[in-house]
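Report on the structure given below.
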């Protein structure tokens with residue numbers, strides 16, 4: 001692996017300055033960045049370690065919203081009594097990301113900043129109508145996710161927390177690739193303040209997306225029965241050695257029906 005400068009600032013402000021001042025990459029859990037560096041896919045001149053910044057961690061629930069610090073690990077989200085009470089499906093999702101090592105190192109903010117097209121968290125964030133707060137602004141999920149591995153984040157911008165409106169009902173279903181444990185198709189369904197929302201990960205060629213046709217059916221009748229016979233177009237979906245676009249299209253309504261609770 002190439003040489004690089006390393007720093008571990010104690011505050012978000014210091015981290016943002018370090019990230020903006022050099023050709024630097026932020027690192028929290030390192031579950032994506034380090035692997036990419038080892039493979040020679042990226043070669044930052046500096047790595048800014050934000051894993052020790054206390055203000056990026058923690059979980060609170062108040063005013064109908066669940067707020068999770070960007071530096072909170074998947075394992076902490078899964079184990080949180082606050083999350084389990086407010087949005088059980090989110091705790092379920094976090095508890096089945098990767099393996100134990102990944103869950104104890106990887107973070108909510110790191111997953112969102114990377115925006116892997118098969119990652120789990122983007123589906124929950126989009127389906128729940130969450131807001132992503134950075135050191136500079138607050139973005140809706142629709143504003144934040146902009147395509148394959150692409151987000152609205154700018155140089156020196158650090159995700160600090162994510163605020164999830166607490167829904168009346170929510171469910172998560174994941175059909176995983178058994179080796180990587182990434183989603184071949186993952187579906188998060190929410191019936192909450194923003195209405196019925198269905199977000200799909202793992203299937204879209206451009207990353208996470210909302211299944212508007214399925215949302216319309218569930219808005220009229222929020223039940224698994226409402227999706228009986230529902231179909232999805234294969235156009236624009238991923239096709240690879242793990243599954244064709246048609247296969248993923250067939251999975252989406254099935255998993256959506258299973259997620260309706």
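The values are calculated or read from the model by the stated rules, or taken from the named source; none is laboratory data. Note that the coordinates shown come from a computational prediction; the quantities given were computed from them, not determined experimentally. When we count neighbours, we look across all protein chains shown, and the Cβ atoms used for this are built from the backbone with ideal geometry, even at glycine.
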So, in the stretch 234-251, of the ones that are in contact with a strand residue (DSSP E or B) (Cβ under 7 Å, 6 or more places away or on another chain) and in a strand (DSSP E or B), which residue ends up surrounded by the fewest Cβ atoms within 10 Å (Cβ to Cβ)? 243
Among the residues of the stretch 224-233, count how many are surrounded by 14 or more Cβ atoms within 10 Å (Cβ to Cβ) and part of a loop (DSSP other than H, G, I, E, B). 2
What residue, of 78, 91, is outside any loop (DSSP other than H, G, I, E, B), within 18 Å of residue 176 (Cβ to Cβ) and without any contact (Cβ under 8 Å) to a residue 24 or more places away in the chain? 91
Please find, within the stretch 3-42, the residue that is surrounded by the fewest Cβ atoms within 10 Å (Cβ to Cβ) out of those that are farther than 18 Å from residue 161 by Cβ and touching a helix residue (DSSP H, G or I) at 6+ places or on another chain (Cβ under 7 Å). 42
So residue 182 ticks every box in (1) at pLDDT 95 or above; (2) under 13 Å from the mean Cα position of the chain (by Cα); (3) surrounded by fewer than 23 Cβ atoms within 10 Å (Cβ to Cβ) but one. Which box is left unticked? (1)
Sole residue being under 19 Å from residue 126 (Cβ atoms) and either assigned to a loop (DSSP other than H, G, I, E, B) or in contact with a strand residue (DSSP E or B) (Cβ under 8 Å, 6 or more places away or on another chain) (or both), chosen from 97, 42: 97
